[in-house]
Amino acid sequence: MTATNLENIISRGHYLIINKNETYLIHQISNKAILKLGRDVIDLKAAIGQPFSSTYKLEPIPEKKRHYTLVICNDNQARNQWSTNGCGTDNKLITDDSSSQLLSTDEIIALKESGESGQNIVERLLENSKTFQLKTEYAQEKYLKKKARKYCDYLTIFKPSIRLITDVLYKQQTLPKTIALRFDTLAQILCRVNLDPGGKYLLYENGSQGLLQAALLNQLHDNGSLVHIFSLTSEQNALRAVKAMNFSETKIKQMLTVSLDEILNTKNEENIPEEKDEEDVPNCSDDKKRKSDEAYTQIKKKHRPITSTDGLNFIKSNKFDGLIVVCREEPTEFVKTLLPYLSLSRPFVIYSAYREVLVSMYAEFKMRRDVVFLRLTDNFMRYHQVLPNRTHPDVTMDDGGGFLFSGLFVAGTK
């Protein structure tokens with residue numbers, strides 16, 4: 001079996017995207033191959049060795065309550081089909097109360113715990129509903145989707161992709177600890193930075209759980225390079241998206257990590273005159289070293305990125321093809337520090353969830369002569385339902401796309 005085929009086969013240690021009831025989650029398949037989903041325990045051993053994008057039926061384990069094993073099936077088997085036997089013309093005669101369903105909650109729970117399939121449970125609900133036949137066709141469809149999502153006993157395992165990981169992380173956002181980066185905003189960032197697969201890129205990221213690193217590594221070829229600059233306030237799971245992409249060791253080595261404090265210290269050392277009194281230096285150095293040691297000890301305990309010497313040397317000896325800044329804090333000073341590392345006529349992109357932060361930066365950068373083509377934009381995205389006789393935009397939508405500030409770094413005085 002070729003290496004390409006192996007990448008499309010589920011193996012132990014791989015990260016997976018699991019879809020159950022239209023709910024997606026990232027999961028690493030361990031040696032025990034056990035997935036805990038709410039109160040359900042699912043044995044994933046049957047999926048090992050199977051191709052990605054396969055659909056499985058959850059088969060109850062008789063001797064264990066709420067324990068399931070997987071049985072592979074095709075897409076036609078996974079599509080639940082129920083006969084509706086006609087529909088009403090409107091819903092005005094329907095009263096929304098619990099009296100319309102003859103089955104009690106205890107009876108429904110007993111059916112599920114007895115090992116009854118999800119399709120049979122939904123059929124029983126339809127048979128015991130006094131109002132289902134009175135609903136309109138559209139209302140019946142919504143009802144069936146709701147019940148199928150609740151009692152569905154099928155799941156699909158997908159190969160991780162940037163789009164899927166972006167959607168999962170966006171729905172699992174925990175503001176203000178993480179950044180809610182939508183997939184259309186991510187696409188705009190990669191477009192604005194004019195990503196070249198063989199280029200060298202500088203990334204300051206804090207809060208996206210490694211989504212930017214994963215997206216850039218996914219697009220870079222073997223001759224491309226990425227330097228990830230992190231701060232001591234990086235979140236706990238800083239490389240979650242990178243791990244979820246199942247990158248090879250060779251691909252991971254294309255990304256070097258450097259602490260922002262190391263870059264600032266390097267800048268300060270370059271600006272210190274040689275004739276400076278040396279008596280004050282040891283105390284400052286010892287104090288900085290003590291704080292640095294404590295910070296790095298804290299980083300190691302929390303499994304955060306660690307500065308690599310190669311990364312710091314790489315920054316000093318190279319000019320970069322693009323700069324991306326995605327962080328929770330005010331980024332103006334970071335951008336001023338990192339801009340000189342860009343080659344001339346190269347783009348930079350800054351993301352912020354807050355417009356006011358980028359507006360002040362835009363006003364300040366308009367006064368500089370070394371940056372041109374400045375743009376401040378926000379993204380607007382809205383899903384549309386496309387169905388016969390009822391095509392319309394979604395009633396509810398999320399406006400949390402954030403704001404982008406971009407431009408080109410050129411020769412000139414500030």
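Could you tell me which of the residues 84, 131 is modelled with pLDDT under 80 and either within 15 Å of residue 144 (Cα to Cα) or in contact with a Pro (Cβ under 8 Å, 6 or more places away or on another chain) (or both)?
So the residue among 84, 131 that is modelled with pLDDT under 80 and either within 15 Å of residue 144 (Cα to Cα) or in contact with a Pro (Cβ under 8 Å, 6 or more places away or on another chain) (or both) is 84.
Of the numbered conditions (1) part of a helix (DSSP H, G or I); (2) open to solvent by 50 Å² or more (accessible area, probe 1.4 Å), residue 338 satisfies every one except a single condition; which is it?
(2)
Which count do you get for residues in the range 220-250 that are part of a helix (DSSP H, G or I) and either at pLDDT 95 or above or closer than 28 Å to residue 330 by Cβ (or both)?
Here the count works out to 3.
Collect the residues in the range 1-53 that are open to solvent by less than 60 Å² (accessible area, probe 1.4 Å) and within 27 Å of residue 144 (Cβ to Cβ), keeping them in residue-number order.
Hits for the range 1-53 are 17, 18, 19, 20, 21, 25, 35, 37, 40, 42.
Determine which single condition residue 49 fails, assuming it passes every other condition in (1) at negative phi; (2) at pLDDT 90 or above.
Unmet condition: (1).
Inspect all residues belonging to the range 203-217 and state whether any of them is among the hydrophobic types (A, V, I, L, M, F, W, C) and surrounded by fewer than 21 Cβ atoms within 10 Å (Cβ to Cβ).
No, the range 203-217 contains no residue that is among the hydrophobic types (A, V, I, L, M, F, W, C) and surrounded by fewer than 21 Cβ atoms within 10 Å (Cβ to Cβ).
Pairs, please: C-beta under 8 Å, at least 6 apart or cross-chain, first residue part of a loop (DSSP other than H, G, I, E, B) and in the range 8-35, second surrounded by fewer than 17 Cβ atoms within 10 Å (Cβ to Cβ) and basic (Lys, Arg)?
Once the first residue is part of a loop (DSSP other than H, G, I, E, B) and sits in the range 8-35, its partners that are surrounded by fewer than 17 Cβ atoms within 10 Å (Cβ to Cβ) and basic (Lys, Arg) give 21/149; 21/150; 22/149; 29/12; 30/12; 31/12; 33/12; 33/45.
Counting only residues that are farther than 17 Å from residue 186 by Cα, open to solvent by 40 Å² or more (accessible area, probe 1.4 Å) and either in contact with a helix residue (DSSP H, G or I) (Cβ under 9 Å, 6 or more places away or on another chain) or among the aromatic types (Phe, Trp, Tyr) (or both), how many does the range 354-382 have?
Residues meeting the conditions: 4.
When the residues of the range 152-191 are narrowed to those that are aromatic (Phe, Trp, Tyr) and under 27 Å from residue 330 (Cα atoms), which ends up least open to solvent (accessible area, probe 1.4 Å)?
170
Is there a residue being under 19 Å from residue 21 (Cα atoms) and assigned to a loop (DSSP other than H, G, I, E, B) anywhere in the range 172-187?
yes
Identify the residue in the range 218-236 that is in contact (Cβ under 8 Å) with a residue 40 or more places away in the chain and either among the basic types (Lys, Arg) or open to solvent by 10 Å² or more (accessible area, probe 1.4 Å) (or both) and, among all such residues, is nearest to residue 183 (Cα to Cα).
218
What number goes with the only condition from (1) more than 27 Å from residue 38 (Cβ to Cβ); (2) in the same structural domain as residue 227 (by the TED database) that residue 180 does not pass?
Among (1) more than 27 Å from residue 38 (Cβ to Cβ); (2) in the same structural domain as residue 227 (by the TED database), the lone unmet condition for residue 180 is (1).
Look through the range 341-353, keep the residues that are among the hydrophobic types (A, V, I, L, M, F, W, C) and surrounded by 12 or more Cβ atoms within 10 Å (Cβ to Cβ), and return whichever of them is nearest to residue 189 (Cα to Cα).
Within the range 341-353, the match that is nearest to residue 189 (Cα to Cα) is 349.
Residues checked against (1) free of Cβ contacts under 8 Å to residues at least 24 places away in the same chain; (2) open to solvent by 80 Å² or more (accessible area, probe 1.4 Å); (3) touching a helix residue (DSSP H, G or I) at 6+ places or on another chain (Cβ under 9 Å):
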site: 112; (1), (2), (3): no, no, yes
site: 116; (1), (2), (3): yes, no, yes
site: 124; (1), (2), (3): yes, yes, yes
site: 127; (1), (2), (3): yes, yes, no
site: 135; (1), (2), (3): no, no, yes
site: 149; (1), (2), (3): no, yes, no
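Output the qualifying pairs, or none if there are none: Cβ atoms under 6 angstrom, residues six or more apart or on different chains, first residue in the range 345-359 and assigned by the TED database to the domain that holds residue 319, second residue charged (D, E, K, R) and open to solvent by 30 Å² or more (accessible area, probe 1.4 Å).
Filtered contacts from the range 345-359: 346/321; 349/192; 357/330.
Does the range 147-155 contain at least one residue that is touching a Gly at 6+ places or on another chain (Cβ under 6 Å) and within 30 Å of residue 254 (Cβ to Cβ)?
Checking the range 147-155: not a single residue is touching a Gly at 6+ places or on another chain (Cβ under 6 Å) and within 30 Å of residue 254 (Cβ to Cβ).
The values are calculated or read from the model by the stated rules, or taken from the named source; none is laboratory data. Keep in mind that what you see is a predicted model, and the values were worked out from it rather than measured. Neighbour counts run over all protein chains shown; Cβ positions are idealised from the backbone, glycine included. Heads up: the accessible areas ignore ligands, DNA and RNA and are worked out on the full protein's heavy atoms, side chains in. Shrake-Rupley method; radii C 1.70, N 1.55, O 1.52, S 1.80 Å.
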